[in-house]
Amino acid sequence: MFESNIIPAECAYRIRKRFIDLYVDTSHKNYVQWIKTMKATDVVYGYDIRFSFLWDCLKKESYRREEFHKAVDILRRLDDRQVFVMWDIRPKEHIYPDSCPTLPYPYTKYFLSDTILKMEANKVTEILLHDLGRHPNEQYWGEDVYVMDESLDWYIAFTHNEITSGKILCYIGLGAFEIDGKASE
């Protein structure tokens, strides 16, 4: 399907923690109530409207909201550079099979929700474009995907939400707008 390296769990935990420390408002009520206490052993993929996503709790000064194709264009500039890919963790106590009969999604066969992958940026854009607009059973990754490089100077959060125009909403960390310079390094 695609080539990637699964980051060892301990290193993945540090990357996720660093992302949260840098970009997430950990005092946000949704973070405190739904995200803070989650452990990797408590997770499966799923959806519940009471559950919060990391992108719900991003520090307001850390991003600009843009549509999907703008975010993909920024990421595409990195070509074959290595990036990290991670997902929002889903707590199993908030899974309701009746409301999500298609779960588990196919990507759960390949990795857990607290997994972080390392792969080429151009492969990430290929997968994101493949998944766009497809039914969850046909997607490789699903939604709510976070991409950043090793520096964590930037991030792009691809969400399942739509902007009023019907386009997919993304949160682009302000450092990502400097990628043109990083891509040519």
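Yes or no: Leu22 buried (at least 16 other Cβ atoms within 10 Å of the Cβ) and either among the aliphatic types (A, V, I, L, M) or at pLDDT below 90 (or both)?
When the stated conditions are applied, Leu22 does not pass them.
Given the residues Thr125, Thr164, which is the only one that is at pLDDT 90 or above and not aliphatic (A, V, I, L, M)?
Thr125
On the basis of being surrounded by fewer than 17 Cβ atoms within 10 Å (Cβ to Cβ) and modelled with pLDDT of 70 or more, does Arg50 make the cut? Walk me through how you get there before you give the answer.
Details: surrounded by fewer than 17 Cβ atoms within 10 Å (Cβ to Cβ): yes; modelled with pLDDT of 70 or more: no.
When the stated conditions are applied, Arg50 does not pass them.
The values are calculated or read from the model by the stated rules, or taken from the named source; none is laboratory data. Only a predicted model underlies this, so the values are computations on that prediction, with no experimental measurement involved. All Cβ positions, even for glycine, are placed from backbone atoms using ideal geometry, and neighbour counts span all protein chains on display.
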